[in-house]
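Q: Handing you this structure, nothing more for now.
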Amino acid sequence: MPLKTSSLMDKNFSRPMPKTPLMPNKKILILTTGGTIAGSGDDHLKGSSYQAGALNGETLLSLLPSIQETLEVQEIAQIDSVEITPHIWKMLLESLHSKALEYDGFVITHGTDTMEESAFALDLLYKKDKPVVLVGAMRPSNALGSDGMKNLCNGIALASQSPYRGVMVLMNDKIYNPHTLYKAHTYNLDAFASRNGGEIGYVLDGCVKFFYHPLPSIPLPFEPQDLESLPKVEIVYLYAGIEELPQFSHKVDGLVIAGCGAGNIPSKIKSSLLQLQDDGIKILACTRGSQGFVTQSDFIPAYGLSVPKARILLALCLKHSFTQEAIQEIFSHF
Ligand code: ASP
């Protein structure tokens, strides 16, 4: 499997932060899906009680201050991101792929709860070379101190200026890699963190600065249509004292085990899982922890991927009926 490695910072990435935004007047398409960034509540002082996805795409756009980029909007969904499905990822990819020639970059507005999964799934499946930036908000549009329009403006700046032409996330001025970011706080504006590292860059008042070369996407043989009827992969969260595996009412094709520490599994559970593995169910060993890796296991180690991201990648591998060895090789790149 060819792996593009992160190269030393080249000229574009290491240039000094400009005093004014570079390359304005770009044409950016904003794809809206809902979330808190499109949320609205009854009490401006209560930023934690509101309806996510209350505003449609046009209304969201009307809240933006005037900026130099040419903006167009396409509404994909108007939902809380806990309702996001692979079908919505497919709709987003259809738009990104069919409109790549018309626009200089894309911004996706998205709820923060599942943003890490959407960003990762899009990164695995995005085939074009225009920047794609996911943005969200921790406070609804009409709350005191709302962060949505600031994040959206910064996301537009990043989509129009980024020398990196893949999928990124912009929250609270920080640029994150989709492989590593995760939501770490339920309410704070600085809600995101990165597994085994930090943010890869920063946007200050519309000016973009990368600290690190983003980890390029790994070329994998997946296609957006794989997202229709994905194989069933369930998550088993281990805990001290667990006695037996949960039973599922439907057929399961794969299991992701949120293991203790470096993917450790209590012996009783391990013997049941080994039996399932012998029966052909693909089992991935992950960690409950938010940092570090799982590299050794009786099952397939998930390396640096978090539990929800490992679940998406395993489902795509199973869609292609990859062998245990092939799946292991793919995961070893993360
Ligand atoms: N529940 C919201 C969502 O994910 C939270 C947010 O956007 O911050 O849609």
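The values are calculated or read from the model by the stated rules, or taken from the named source; none is laboratory data. Bear in mind that the values here come from a model prediction, so they are computed numbers and not experimental data. Virtual Cβ from ideal backbone geometry, glycine too; neighbours counted across all protein chains shown. Please note that ligands, DNA and RNA were not included when accessible areas were found on the heavy atoms of the full protein model with its side chains. Shrake-Rupley method; radii C 1.70, N 1.55, O 1.52, S 1.80 Å.
Q: Stokes-Einstein at 37 °C, 0.692 mPa s, Kirkwood radius from Cα pairs: D for the range 1-150 in µm² s⁻¹?
A: Roughly 198 µm²/s, to the nearest whole number.
Q: Modelling each spin label as a point 7 Å along the Cα-to-Cβ direction, I'd like the Glu223/His87 distance in nm, to one decimal.
A: Going from the Glu223 label point to the His87 one covers 2.1 nm.
Q: If you don't mind, another one. Report Rg/Rh for the range 90-130, rounded to two decimals, where Rg is the Cα radius of gyration and Rh the Kirkwood radius.
A: On the Cα set of the range 90-130, Rg over Rh gives 0.96.
Q: Provide the per-residue ³J(HN,Hα) series for the range 47-63, in order, calculated from phi with Karplus coefficients 6.51, -1.76, 1.60 and θ = phi - 60°, each as a whole number of Hz, with x at glycine and proline positions.
A: In residue order, the calculated couplings are x, 9, 10, 6, 9, 5, x, 6, 9, 7, x, 4, 5, 4, 4, 5, 7 Hz.
Q: So if I take the alpha carbon set of the chain, get Rg, then get Rh from the Kirkwood formula, what is the Rg over Rh ratio?
A: Numbers: Rg = 20.2 Å, Rh = 20.6 Å.
Looking at the chain, the ratio lands at 0.98.
Q: Place a +1 charge on the Cβ of each Lys and Arg in the range 272-334 and a -1 charge on the Cβ of each Asp and Glu, then give the dipole magnitude about the Cα centre in debye, rounded to the nearest 20.
A: Using Cβ point charges on Lys, Arg, Asp and Glu, the range 272-334 gives about 340 debye.
Q: Now, a different point. Report, to the nearest 10°, how far helix 267-278 tilts away from the longest principal axis of the Cα atoms in the chain, using its own Cα long axis and a range of 0 to 90°.
A: Around 90 degrees separate the two axes.
Q: Each residue of the range 221-238 in turn: what ³J(HN,Hα) in whole Hz from Karplus with 6.51, -1.76, 1.60 and θ = phi - 60°, glycine and Pro shown as x?
A: Residue by residue, the range 221-238 yields x, 8, 10, x, 5, 4, 6, 6, 6, 5, x, 7, 10, 10, 10, 10, 9, 7 Hz.
Q: Let me have the relative contact order for the chain, percent, based on Cα pairs under 8 Å that are six or more residues apart.
A: Across the chain, relative contact order equals 16 percent.
Q: Using all C-alpha to C-alpha distances in the range 220-334, build P(r) with 10 Å bins and read off the rounded percent in each one.
A: Result, from short to long distances: 15, 50, 31, 5, 0 percent.
Q: I'd like the accessible area for His185: 1.4 Å probe, protein heavy atoms, all chains in place, Å² to the nearest 10.
A: Only protein atoms counted, so the area is about 80 Å².
Q: Here's another thing I want to ask about it. For the chain, take the longest principal axis of its alpha carbons; what is the angle in degrees between that and the long axis of helix 115-125, to the nearest 10 within 0 to 90?
A: Computed tilt is about 80 degrees.
Q: Here is a follow-up. How much length, in nm to one decimal, is gained on full extension between Ser98 and Asn264, taken as 0.36 nm per residue of separation minus their Cα-Cα distance?
A: Contour length minus Cα-Cα distance gives 55.4 nm.
Q: Next up: For Phe192, what accessible area in Å² do you get when you roll a 1.4 Å probe over the heavy atoms of the protein chains, rounding to the nearest 10?
A: 10 Å²
Q: What number, in percent, do you get for the relative contact order of the range 287-334 if the mean sequence gap of Cα pairs under 8 Å and at least 6 apart is divided by its residue count?
A: Details: 37 pairs, mean separation 18.2, N = 48.
Relative contact order of the range 287-334: 38 percent.
Q: Round to the nearest 0.05 the FRET efficiency obtained for His185 and Ser14 when R0 = 25 Å and r is the Cβ-Cβ distance. Don't skip to the end; give the middle numbers.
A: Numbers: r = 31 Å, r/R0 = 1.23.
The computed FRET efficiency comes out at 0.25.
Q: Using the Cα centre as the reference, give the magnitude of the dipole from point charges on the C-beta atoms of the chain (Lys, Arg: +1; Asp, Glu: -1; all else neutral), rounded to the nearest 20 debye.
A: It works out to roughly 800 debye.
Q: Quick one: the Cα spread of the range 55-133 along its three principal axes, in angstroms, biggest first?
A: Over the range 55-133, Cα extents along the principal axes are 33, 28, 17 Å.
Q: Run the 1.4 Å probe and let me know the accessible area of Ile265, rounded to the nearest 10 Å².
A: 20 Å²
Q: Next up: Measure nothing fancy, just the Cα-based angle from helix 307-319's long axis to the longest principal axis of the chain, in degrees from 0 to 90, nearest 10.
A: 70 degrees
Q: Separate question: Given 5 Å bins starting at zero, what is the percent of C-alpha pairs of the range 179-259 in each, up to the one with the largest pair distance?
A: Once binned at 5 Å, the Cα pair distances of the range 179-259 give 3, 9, 11, 13, 16, 16, 15, 10, 5, 2, 1.
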